[in-house]
Amino acid sequence: MTAQKQSGIALVTGGTRGIGEAICKMFSGEGYQVVTTFRNKERERQAREWQSRMADDGLEIDLVKMDVSDMRSCEIAADELLQRYGRLDVLVNNAGITRDSVMKKMPIEAWQEVIHTNLDGVFNVTRCFLDTFLAQHYGRIINISSINAQKGQFGQVNYSAAKAGIHGFTKALAQETARKGITVNTISPGYVETDMIMAIDEKIREQIKAQIPVGRFGQPEEIARLVAFLANEQSSFITGADFSINGGMFMH
Ligand code: NDP
């Protein structure tokens, strides 16, 4: 059986590694024209090398320069994308960072950087494309939050707050756009094997793994599968929802 081909334009922020990369690959395999981002000039060469590796695998993925924490950068990137393709069907707000520390030692910069990237970033990018979605009477917005927004996490007041903010954003925007052919949903992954998790001290990583009922970390492709499901045109009755995907680590 041949896979059903999707068509349309999909933007995945921060898609040159980790979960974002898996989403890019899955979308591209489904027939979307995928666009992803590199955040500044210094990252461009790396991103272009990644792009040619994808092309070697038969995946033609486009790139735009976009720092999600900077509204002006998002506006320029959005103009570029819309000039190139004329529309956007799917937006995945995936870019995110951690700057962990217990609250009593957390510098204000670590708070601000995480809020600017993980929460303002979702507003900035979505704001830039909302008029397009409204004019098209079609759009799929998928925001990547975290299990640590749902349950809180020691050493992550900044990250937990930013990611929890995404849940409120999603539910509010879903109400504003529900009659306009636009769905807005959140995915809250548990621990997934990417650079973000590999940066955690190995001993702590093993302790975390021991708390996951399925006994392993998630794979980026497993998150991408859920993203692709929500991105599908037929998922039109799902909006304002949050999907846990965490190996049973947090059930609510
Ligand atoms: P990675 O650290 O592997 O990748 C993050 C991506 O976001 C990178 O491509 C990075 O770009 C990009 N990025 C960071 N800041 C910006 C910015 N200001 N503008 C544009 N792009 C930016 O993370 P993961 O793949 O692990 O995580 C992806 C998302 O999933 C994040 O939102 C994360 O919070 C969330 N998540 C991850 C979990 C996990 O266990 N891995 C669990 C729950 C949620 P660059 O390459 O330039 O650094």
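The table for this structure:
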| quantity | calculated |
| --- | --- |
| Residue match in the stretch 177-194 (condition: in contact with a Ser or Thr (Cβ under 9 Å, 6 or more places away or on another chain) and either more than 26 Å from Cys24 (Cα to Cα) or surrounded by fewer than 16 Cβ atoms within 10 Å (Cβ to Cβ) (or both)) | yes |
| The stretch 83-139, residues that are among the aliphatic types (A, V, I, L, M), within 13 Å of the ligand (Cβ to nearest atom) and over 22 Å from Phe27 (Cβ atoms) | Ile97, Val114, Ile115, Leu119 |
| Close pairs (6 angstrom Cβ cut-off, 6 or more residues apart or separate chains): more than 15 Å from Thr177 (Cβ to Cβ) in the stretch 222-247, among the hydrophobic types (A, V, I, L, M, F, W, C) and in a loop (DSSP other than H, G, I, E, B) anywhere | Gly247/Ile212; Gly247/Val214 |
| Ala178 touching a residue at least 12 places away in the same chain (Cβ under 8 Å) and within 12 Å of the ligand (Cβ to nearest atom) | no |
| Checklist (1) of a type in the set (A, V, I, L, M, F, W, C); (2) within 11 Å of the ligand (Cβ to nearest atom); (3) over 19 Å from Gly121 (Cβ atoms) applied to Ala55, failing item | (2) |
| Single residue of the stretch 146-159 satisfying the filter (farther than 13 Å from Ala110 by Cβ and either within 13 Å of the ligand (Cβ to nearest atom) or in contact (Cβ under 8 Å) with a residue 24 or more places away in the chain (or both)) that is surrounded by the most Cβ atoms within 10 Å (Cβ to Cβ) | Ser146 |
| Residue match in the stretch 160-170 (condition: more than 18 Å from Asn94 (Cβ to Cβ) and touching a strand residue (DSSP E or B) at 6+ places or on another chain (Cβ under 9 Å)) | no |
| Where Gln51 falls short, out of the listed (1) more than 25 Å from Ile187 (Cα to Cα); (2) over 20 Å from the mean Cα position of the chain (by Cα) | (2) |
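The numbers here are math on the coordinates, done by the rules we state, and not lab data. Bear in mind that the values here come from a model prediction, so they are computed numbers and not experimental data. Here Cβ is always computed from backbone atoms with ideal geometry, including for glycine, and neighbour counts include all displayed protein chains.
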